[in-house]
Amino acid sequence: MRKILYVFLFLALNSYPLWHQIESKNRIKIKIEPFREEISLGIILKGYDFYKMTGFSKIDVNSISLWDENEEIPLQIEEMDGTGKLLGDNSNGILDDDDRIVFLIKGRIKEQILYFYYNGSPLKKNMKNNKLKIEEKNGEIIPLIISKEKFTIGIKGGGFKEGPSTNRIENYSRGAIPLLIWQDLTFFDFRRAWSDFFPRSIGTGPGNYIWSDPKIIYKGDVRTVIEIKCNDYKEEKDGVKSFKGDIIRYISIWNDLPVIDFEEYVYYKSANLNYEWKYLMGIPVGKKIDENDVFITTLADNVYTLSSNKIIEKIKKYQAPYQTFYSTDNPEEGWFAVYDPNEKNGMAVFYEKMEKIRERREWVTYRPPLHPSISIRTTPYDKVEVNLYFIDRALRAREKYKRELRYILLKDEKPEIIREYYKYWAEPLEKIVNIEFPETLE
Ligand SMILES: [Ca+2]
Ligand SMILES: [Ca+2]
């Protein structure tokens, strides 16, 4: 009996020969439940979450690696300075609370085991997984274009220096995305209409301020992160300065996903009490708005799909092109999608994480200090108009504002899968996967 046990033990140890090769003293096992179909999920884990999982803080970022049973998974460490700025080349190489570990999980139809290895001699990794084509075109109207296969995105800062308030194309899509092509459909191109960019947000239109040109901060194995900033944004009301601040945006393009992450940090001084942080956009649903198109979100804890059938009928009958798909200032989950199932094209927008939504739900007040307001309606054009605002009733009480959004370009995802994508963005990893106790290699 003992002999059999030994043999078994030997086999068990031998089935993980990796650990000895990896030269990290510790590891932690992550168990991922099966999915209904294979999907790819873009995960951002904070340094603080890693500390909570492992009990290790301030470890060498190069000692962290991620593996499935037999293969290393690309990951990218993006270090921050404690105030919301990405450090890039100036990083300290230590995993601080606000640093992030970015990676992609390939969800399988069977249970999947991943391991984080950490705390040991730094590994020499050379993944070369960045397949994005990056074109920097200094002086051109769209100074940075990133593309791969069926995906092209342009990013712009700037403004017309000789007349930043004039109505010229250079003064539009400042610090924003003026070009997006997906599957042969042009979602945005501000050269065809100057306001055809996204998100239409603070500082993106004409005004007396200039943005920096896009700067690549990380070009890693998982995604490319671009920084655009505006150091003296100002607003005036009746000749009195009512708002001034510095805006930093990070736009991240994933190597292996049609995903755009948008982050905004605003450091400001304001005399205003109330404010609206806006993220407006017109999204095409295939080539035009028609009976096939659907709107998708969560209602009553289920994925809810609204067909545009009745809306199209109304548009025709009453010749009223503006019909509302959806409108709320109290969303159940912070996401929605518009999709054309015939053309297999659409976009999902994730705009608020679940922690914030739960927190607000627990408030006794009906007027929370910061909350979203969203309405989505048809237009006479080929796009549905998304009016997404965050109403801020405590602007003056703070000096810093932060927003994260994720845009996902859709191909043939079922509505339930889009919600799954959302969950992996909106919830902390520990809430959705099974994280076991850390192990130490003796
Ligand atoms: Ca750090
Ligand atoms: Ca359509």
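The values are calculated or read from the model by the stated rules, or taken from the named source; none is laboratory data. Predicted model only: the values in this text are computed from it and were never measured. For neighbour counting, all protein chains shown are included, and Cβ atoms are generated from backbone atoms with ideal geometry for every residue, glycine included.
Checking each residue in segment 31-89 for being surrounded by fewer than 18 Cβ atoms within 10 Å (Cβ to Cβ) and of a type in the set (Gly, Ala, Ser) picks out Ser40, Gly55, Ser57, Gly82, Gly84, Gly88. Taking the criterion of being of a type in the set (Asp, Glu) and either touching a residue at least 40 places away in the same chain (Cβ under 8 Å) or part of a strand (DSSP E or B) (or both), the residues of segment 205-248 that qualify are Asp213, Asp221, Glu227, Asp232, Glu235, Glu236, Asp246. If the condition is being over 16 Å from Asp213 (Cα atoms) and outside any strand (DSSP E or B), then segment 163-190 contributes Gly163, Ser165, Thr166, Asn167, Arg168, Gln183, Asp184, Phe190.
Quick check on segment 316-353: of everything there that is of a type in the set (Val, Ile, Thr) and crowded, with 18+ Cβ neighbours inside 10 Å, which residue is nearest to ligand 1 (Cβ to nearest atom)? Ranking the candidates gives Val349 first. Considering only segment 66-81, state which residues are more than 9 Å from ligand 1 (Cβ to nearest atom) and free of Cβ contacts under 8 Å to residues at least 40 places away in the same chain. Correct list: Glu71 only. For first residues located in segment 314-340 and more than 17 Å from Met354 (Cβ to Cβ) and within 16 Å of ligand 2 (Cβ to nearest atom), partners that are among the hydrophobic types (A, V, I, L, M, F, W, C) and in a loop (DSSP other than H, G, I, E, B) and lie 6+ apart or on another chain with Cβ distances below 8 Å form the pairs Val338/Val285; Tyr339/Val285; Asp340/Val285.
Just one of the numbered conditions (1) more than 26 Å from Tyr279 (Cα to Cα); (2) surrounded by fewer than 17 Cβ atoms within 10 Å (Cβ to Cβ) is not true of Ser147: (1).
Could we say that Asn119 is more than 24 Å from the chain's Cα centre (by Cα) and more than 30 Å from Pro34 (Cα to Cα) here? Spelling it out, it is not the case that Asn119 is more than 24 Å from the chain's Cα centre (by Cα) and more than 30 Å from Pro34 (Cα to Cα). Residues of segment 415-442 that are at pLDDT 95 or above and basic (Lys, Arg): Arg419, Lys423. For Arg396, the criteria (1) under 22 Å from the mean Cα position of the chain (by Cα); (2) over 20 Å from Pro258 (Cβ atoms) hold in every case but one, which is (1). Applying a threshold of 8 Å to beta carbon distances and a minimum spacing of six or more residues, or different chains, the list of pairs starting in segment 270-298 at a residue that is touching a residue at least 12 places away in the same chain (Cβ under 8 Å) and ending at one that is among the basic types (Lys, Arg) and not in a strand (DSSP E or B) reads Ser270/Arg396; Ala271/Arg396; Asn272/Arg396; Leu273/Arg393; Leu273/Arg396; Asn274/Arg393; Thr298/Arg419. Of the strands (runs of 3 or more DSSP E) entirely within segment 6-115, those holding at least 2 residues that are over 19 Å from Val222 (Cβ atoms), at pLDDT 90 or above and touching a Leu at 6+ places or on another chain (Cβ under 8 Å) occupy 24-32. Looking at segment 82-139, which of its residues are within 15 Å of ligand 1 (Cβ to nearest atom) and among the charged types (D, E, K, R)? Scanning segment 82-139 gives Lys85, Asp89, Asp96, Asp97, Asp98, Asp99, Arg100. Restricting Gly282, Gly220, Gly239 to those that are within 23 Å of Tyr421 (Cα to Cα) and modelled with pLDDT under 95 reduces the list to Gly220.
Go through segment 390-416 residue by residue and tally those that are buried (at least 19 other Cβ atoms within 10 Å of the Cβ) and β-branched (Val, Ile, Thr). Summing the residues that are buried (at least 19 other Cβ atoms within 10 Å of the Cβ) and β-branched (Val, Ile, Thr) in segment 390-416 gives 1.
Every residue, every condition in (1) among the β-branched types (Val, Ile, Thr); (2) away from ligand 2 (no atom under 16 Å from the Cβ); (3) in the same structural domain as Asp382 (by TED's automatic domain parsing), yes or no:
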site	(1), (2), (3)
Gly245	no, yes, no
Ile248	yes, yes, no
Ile251	yes, yes, no
Asp256	no, yes, no
Glu263	no, yes, no
Val266	yes, yes, no
Lys269	no, yes, no
Gly286	no, no, yes
Asp290	no, no, yes
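Selection of segment 280-294 for residues being not in a strand (DSSP E or B) and not hydrophobic (A, V, I, L, M, F, W, C) yields Gly286, Lys287, Lys288, Asp290, Glu291, Asn292, Asp293.
Of the residues making up segment 61-70, those that are of a type in the set (D, E, K, R) and over 26 Å from the mean Cα position of the chain (by Cα) number 1. Restricted to segment 269-293, and to residues there that are buried (at least 17 other Cβ atoms within 10 Å of the Cβ) and in contact with a helix residue (DSSP H, G or I) (Cβ under 8 Å, 6 or more places away or on another chain), the residue that is nearest to Gln323 (Cα to Cα) is Ile289.
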